[in-house]
Amino acid sequence: MQANRCRSVWVTVAWTAAAAAVWWLCAAASSAHAQATPGAVETGTSAAERMDFSRPAGATPSGRGGGAAESTRDPGRVDSGGGVLPPIRLTPRSVDVPGIADARLDLNGEWGFVHDVPESFDGRGASVSEWDAVRVPGHFAFQGLPRMHEEFGVPVAYRKAFDVPAGWADARVMLRFESVDGLTRLWVNGHPAGENDIATLPSEFDITAFVRPGQPNEITLTVETSLATYWSRRELGGINRDVYLQ
């Protein structure tokens with residue numbers, strides 16, 4: 001009995017040491033990646049990285065991966081948050097209250113999707129000649145499409161057309177993804193609007209400067225293998241939880 005108890009203790013110690021080693025490797029990789037990209041997005045082979053991912057004149061959006069504090073930094077800059085994950089600071093979720101109109105605009109449903117992003121892609125849906133249809137939320141690999149690209153810098157792309165109520169003209173508009181599995185870069189109506197690399201945690205973007213209340217709007221985003229998805233060796237990816245405006 002005592003031997004079994006000692007064996008259990010040693011197994012627990014071994015698992016704890018292994019978990020600590022994995023965490024240290026991820027932290028070291030994240031730090032190295034941040035040092036390799038101190039300013040703008042690094043040059044690579046993806047169509048997204050070949051673009052000028054800079055903020056349009058007069059716009060002050062912010063992408064808040066995992067709830068990182070709002071800032072006026074260049075949306076194209078990779079921000080490691082000083083560690084493996086950025087600090088948690090998200091806009092509170094809207095809640096349903098009987099008798100009060102829901103202030104949230106649901107973007108779940110059918111989205112456009114392209115697995116092999118063409119060279120012509122520039123952040124506008126019209127720059128891709130043909131889009132497949134996928135259901136969001138959900139892994140596209142479970143919908144008859146190939147799995148996530150394993151190489152860094154090789155993205156897939158999503159597109160969604162939607163209308164913003166005219167009554168939102170004076171409101172702050174936040175786009176929230178409850179989970180996007182991979183490094184994400186976002187465009188709203190053709191304008192670069194931010195990026196995040198936090199794997200499956202929630203992220204949100206202030207897109208007030210880019211949406212057109214009372215008119216048709218468009219979101220496009222690319223998703224590619226990130227440090228987090230690479231170290232966990234996942235072959236899935238994409239938008240796998242709810243998406244909405246609030």
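Summed over the range 80-103, residues that are surrounded by 16 or more Cβ atoms within 10 Å (Cβ to Cβ) and either at pLDDT 95 or above or not small (Gly, Ala, Ser) (or both) total 3.
Given the options Leu183, Leu236, Leu227, Leu221, name the one that is in contact (Cβ under 8 Å) with a residue 60 or more places away in the chain, farther than 25 Å from Arg104 by Cβ, touching a Ser or Thr at 6+ places or on another chain (Cβ under 7 Å) and of a type outside the set (Asp, Glu). Let's see the steps before the verdict.
On the way: Leu183 fails: in contact (Cβ under 8 Å) with a residue 60 or more places away in the chain; Leu236 fails: touching a Ser or Thr at 6+ places or on another chain (Cβ under 7 Å); Leu221 fails: farther than 25 Å from Arg104 by Cβ.
One residue alone meets the criteria, Leu227.
Thr225 meets all of the listed conditions (1) in contact with a strand residue (DSSP E or B) (Cβ under 6 Å, 6 or more places away or on another chain); (2) surrounded by 21 or more Cβ atoms within 10 Å (Cβ to Cβ); (3) not hydrophobic (A, V, I, L, M, F, W, C) but one, namely (1). The single condition among (1) surrounded by fewer than 16 Cβ atoms within 10 Å (Cβ to Cβ); (2) on the phi < 0 side of the Ramachandran plot that Gly144 does not satisfy is (2).
Just one of the listed residues (Asn189, Asn217, Asn196, Asn240) is crowded, with 24+ Cβ neighbours inside 10 Å and not hydroxyl-bearing (Ser, Thr, Tyr), and it is Asn196. Which of the residues belonging to the range 142-167 are outside any loop (DSSP other than H, G, I, E, B) and either modelled with pLDDT under 90 or touching a strand residue (DSSP E or B) at 6+ places or on another chain (Cβ under 8 Å) (or both)? If the condition is that a residue be outside any loop (DSSP other than H, G, I, E, B) and either modelled with pLDDT under 90 or touching a strand residue (DSSP E or B) at 6+ places or on another chain (Cβ under 8 Å) (or both), then Gln143, Val156, Ala157, Tyr158, Arg159, Lys160, Ala161, Phe162, Asp163 are the ones that fit.
Scanning the range 207-229 for residues that are at pLDDT below 95, under 22 Å from Pro137 (Cβ atoms) and not small (Gly, Ala, Ser) turns up Val223, Glu224, Thr225, Thr229.
The values are calculated or read from the model by the stated rules, or taken from the named source; none is laboratory data. It should be emphasised that the depicted structure is a prediction, and the values quoted were computed from it without experimental measurement. Cβ atoms come from the backbone with ideal geometry, glycine included; neighbour counts cover every protein chain shown.
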